[in-house]
Amino acid sequence: MLDDTAEAWRGRAARFAREELIPWEVHAELNGGQLPLEVKARHKRLAIELGFSAMDVPAAHGGRDARVVDQVAVWEQLGQVTNALCWCFSEPHRWMFEACTADQLSRYVLPLMSGKRKECYAITESGPGSDPDSIETTATRCPEGYRISGEKWYVTSANHADYFILQAGLADGPHTGSQSLFFIDGDTPGIELVRTPPFSHTFSDHHPIYRFNDVIVPERQRLGSEGDGMQYSHAWFRRERLMIAARCCGASARLIEEATAFAATRIVGGEPLAEKQLVQAMLADSVTELWAARLVTYEAAQAHDRGQDLRSLHARCSIAKLYASEVANRIADRVMQIFGGRGYMRENSAERFFRELRVDRIWEGTSEIQRLIIARALLKRGLEGM
Ligand SMILES: Cc1cc2nc3c(=O)[nH]c(=O)nc-3n(C[C@H](O)[C@H](O)[C@H](O)COP(=O)(O)OP(=O)(O)OC[C@H]3O[C@@H](n4cnc5c(N)ncnc54)[C@H](O)[C@@H]3O)c2cc1C
């Protein structure tokens, strides 16, 4: 199904996942997600050398200009890894090269590619939740630029990042009520870590809550023009939703392979578990659903590479994320069942995936929100317009 270029990317990512990352999963699981510092540094260095941090960067900026299908091939393989060990590098996204000034590219965006800086996204708030259009954090004009006030929840990787990309509503001026995104350095006065809640998974990347108390941000740190925020957030959502779908496919594939190997060797009632037709049915349903999820995901990637209409791509990314994440959760449930009690042990990848994949139905827009996006696209443009 993949051409030679995508196959080459896929192969590099598969080897990296299998040889470098997967061997450290249980260590991470039993140590609060942490790896020895030298191992962490090695993973980051290798990922950057393999080109993963430069995939979505135009060649004019020193990037690899990879097609979306190549990137999906990489993230599918990285999705085979638990404990978020594949988050060992940051990567600029193509939309940033449309949104950012030369100064912003050199200060904030390109250092992601080289591994010198790390970002985190602060969009979600406790009140508006799934509806980012109504976020309450404000950006008010002041002589130095903007004064940002508000509270952000679930800021993934903030404990490793050195700057935020924050979304705020404009409180005054001609674009009052619309949204903008801002680069905010982590050491800017007024940023307060409220707390770091524990979550189901064991990741070294936390999801803390931050309060922004009259944080002063110069105008040169606003992305694009005033009011462009939702447009760029949508670009971010599309990309993340597609890559979540890719990772869910990778996770599903590993789960199926591990369950198949286990079922072939586990003897129950004098014969391998794999001979039991009820177990075969679980494996068959899983394989069938994985193939469907892969096809939806790769077709959405190819639609990007074909340059399909943005509104159609938006719906396609939602379809891929919705379907692949729900499939992966069903597969994790079945695979844990096939492993029996062994599947409930934290040293078993099925147990870790069972917890970790659950959030893929929640973040970057819940499954319900994806359904709303898909239904609205259908009602507006019909099936042919999707
Ligand atoms: C581990 C983790 C990491 C995250 N990382 C980040 C991050 O880095 N940056 C960031 O900005 N955000 C992040 N998020 C936030 C995430 O995107 C939100 O949790 C998600 O969008 C849902 O918002 P909510 O939690 O407020 O749920 P709510 O909006 O409160 O939704 C609760 C329930 O109501 C449903 N619901 C809501 N609206 C509707 C509707 N109109 N119709 C039908 N059902 C509806 C939802 O589907 C859900 O089932 C993270 C979340 C988690 C759990």
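Here, each number is a calculation from the coordinates, and none is a lab measurement. This is a predicted model, so every value here is computed, not measured. When we count neighbours, we look across all protein chains shown, and the Cβ atoms used for this are built from the backbone with ideal geometry, even at glycine.
Please say if region 1-110 is rounded, prolate or oblate, where rounded means a/c under 1.5 for a ≥ b ≥ c the square roots of the C-alpha gyration tensor eigenvalues, and otherwise the choice is prolate for a/b larger than b/c and oblate otherwise? Oblate, because a/c is 1.5 or more while a/b does not exceed b/c.
Close lysine pairs were tallied over the chain: pairs 8 or more places apart or on different chains with Cα atoms under 22 Å apart number 6. Relative to the dominant Cα principal axis of the chain, helix 277-305 is inclined by about 30°. Taking other Cβ atoms within 10 Å as a rough exposure proxy, Cys249, Cys120, Cys100, Cys142 sort from fewest to most as Cys142, Cys100, Cys120, Cys249. For Asp228, Asp3, Asp65, the sequence from fewest to most other C-beta atoms within 10 Å is Asp3, Asp65, Asp228.
Residues of region 190-227 with an amide N closer than 14 Å to a point placed 7 Å from the Cα of Arg141 along the Cα-to-Cβ direction: 219, 226-227.
3J(HN,Hα) along region 221-229: 9, 7, 7, x, 7, 4, x, 7, x Hz, from the Karplus curve 6.51 cos²θ - 1.76 cosθ + 1.60 with θ = phi - 60°, whole Hz, x for Gly and Pro. May I ask you to list the residues of region 156-182 whose amide nitrogen lies under 11 Å from a point 7 Å from Cα along the Cα→beta-carbon direction of Leu193? Taking a point 7 Å out along Cα→Cβ of Leu193, the residues of region 156-182 whose backbone N falls under 11 Å are 158-161. Only helical runs count toward this figure. For the chain, summing -39,500 (n - 2.57) over DSSP H runs of n ≥ 4 and dividing by all residues gives -14500 deg cm²/dmol at 222 nm. A simple rule links phi to the HN-Hα coupling: the Karplus curve 6.51 cos²θ - 1.76 cosθ + 1.60 with θ = phi - 60°, which for region 254-260 gives 5, 4, 5, 5, 5, 5, 5 Hz, with x for Gly and Pro.
Restricting the GluC sites (Glu not before Pro) of region 301-385 to loop positions (DSSP other than H, G, I, E, B) with no more than 15 neighbouring Cβ atoms within 10 Å leaves Glu347. Annotation: amide H-H contacts under 5 Å for Cys142 (H modelled 1.01 Å from N, sequence separation of 5 or more, or interchain): Arg147.
Applying the criteria of a DSSP loop state and at most 11 other Cβ atoms within 10 Å to the GluC sites (Glu not before Pro) of region 102-170 yields Glu144.
The distance from the alpha carbon centre of region 275-295 to that of region 26-74 is 31 Å, rounded to a whole number.
When you filter the trypsin sites (Lys or Arg not before Pro) in region 109-199 for DSSP loop state and at most 10 other Cβ atoms inside 10 Å of their Cβ, you are left with Lys116.
Rounded if a/c is under 1.5, else prolate if a/b beats b/c, else oblate: with a ≥ b ≥ c from the C-alpha gyration tensor eigenvalues square-rooted, which is region 93-250? Note, shape of region 93-250 comes out rounded.
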